Structures are given as structure tokens and as C-alpha cells.
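Please treat every number below as a calculation from the coordinates, not as lab data. If you're wondering where the values come from, they're calculated on a predicted model, not measured in any experiment. Because the Cβ atoms are built from the backbone with ideal geometry, glycine has one as well, and the counts that use them run over all protein chains shown.
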Amino acid sequence: MGEIASPAVPLLSIVMPVKDGAQYIGQAIDSLLKQTFTDFELIVIDDGSQDATAQIVKAYSDPRITLYSQENQGVSKASNRGFALARGQYITRHDHDDISLPARLETQVAFLQAHPECGLVGTWAQIWVGDTPTNRVHQHPCSAGEIAFALLFNAPFVNTSCIFTRAVLEWTGG
């Protein structure tokens, strides 16, 4: 688990910024390791955690997981560091307390591969509090027209459910 990445370039890079995430990070990582899509790297950026976050990540022996530690700089800078390290054609962010259903990555990558005119794809999301689901669900628009209209007022995406292309990352300046 060091700062040396494996030589094979994965199709997908997953960036996980975390600060003091020991309570949930294991569940988040487990949900990624149970994915039906396996051609990914998981870049964990430990943003100055004071708890057992780093030890929990280091306990995983999966070569797709790489841990980077830094002094606390905030989630945006930690995410941007992860994006700069990402090697995949597709990139996503996954929070340390997010759980992804087993076919999420496979479904989204397949969609982007089948629709090269698209640069980003997201999902709906159910909000949980601890281990308990709530009645809160983010059901953002799905059609191009509805998304374009919603963009006039807010961001109609669940940030950490989006997978985007490297071209989009480069187009936005990283």
C-alpha cells in the first residue's frame, strides 16, 4: 500500500477523500470491492485524519487501493489531488461514507462506453443516517432537456454518484 501505483492503467479511477472517516470507510471500501466491475483503482486521500482511518485502509491487501496521506487541506484540495493522480479513462469521487450498489460502476461505465457523446453520468441516491435508511431520496432529472433546465437553478447531480470522462476533467482544467 504505498505511494507506488500498479503499472496497469485501469479503466476507472475512484477518488476517495477522507478526514476522520474510520466509522464508515470500511463499509465504503467493501461496497467498491464487491462491484461487478473490477477494472478500477481506488485512490484514498487521507486529509489529516486523527482517527484510525489510515490503519483501516492499510489493512486492505487489494492492489487496486492506494493510500496517500497529507496534512488537512479540505475536501476540495484532497479531491483535486486524487484527480491529479487518477490514471483511468473514467473518473469518479466516492465519499468515505457512501455505499454503492454492486452493479453501479458496471452500469455507468457501460453507459459511457455506449454513449461517447456523453461526458458524465450520475445516479439517484437514497440518504441514510448511520445504518438506517431514511425516506429522503435524491431523484434528479434524467433527460437532457430537464437537466439543462435544472442547471439554471442548481446542480442536478449527486456529486459522488457521477462518473465522468478524463476529457471532461481536462476540459474543466482539472
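Could you tell me what a quarter of the Cα convex hull surface of the range 23-133 works out to, in nm² with one decimal place?
7.6
Report the local net charge at Ser49: Lys and Arg +1, Asp and Glu -1, summed over other residues whose C-beta lies under 13 Å from its C-beta.
Details: positive: Lys19, Lys58; negative: Asp20, Asp46, Asp47, Asp51, Glu71.
Taking every Cβ under 13 Å from that of Ser49, the sum is -3.
Can you list the aspartates and glutamates whose alpha carbon is less than 19 Å from that of Lys19, not counting same-chain residues fewer than 8 positions off?
Result set, ordered by chain and number: Glu3, Asp30, Asp46, Asp47, Asp51, Glu71, Asp95, Asp97, Asp98.
Near Val75, within a Cβ-to-Cβ distance under 15 Å, what is the net charge of the other residues, with Lys and Arg +1 and Asp and Glu -1?
Residues near Val75 contribute -3 overall.
Give, as a single signed number, the net charge of other residues whose beta carbon lies under 13 Å from the beta carbon of Ala8, with Lys and Arg counted +1 and Asp and Glu -1.
Charge balance in the 13 Å sphere: 0.
Estimate the FRET efficiency between Ala84 and Thr107 by the formula 1/(1 + (r/R0)^6), using the beta-carbon distance for r and 35 Å for R0, to the nearest 0.05.
0.85
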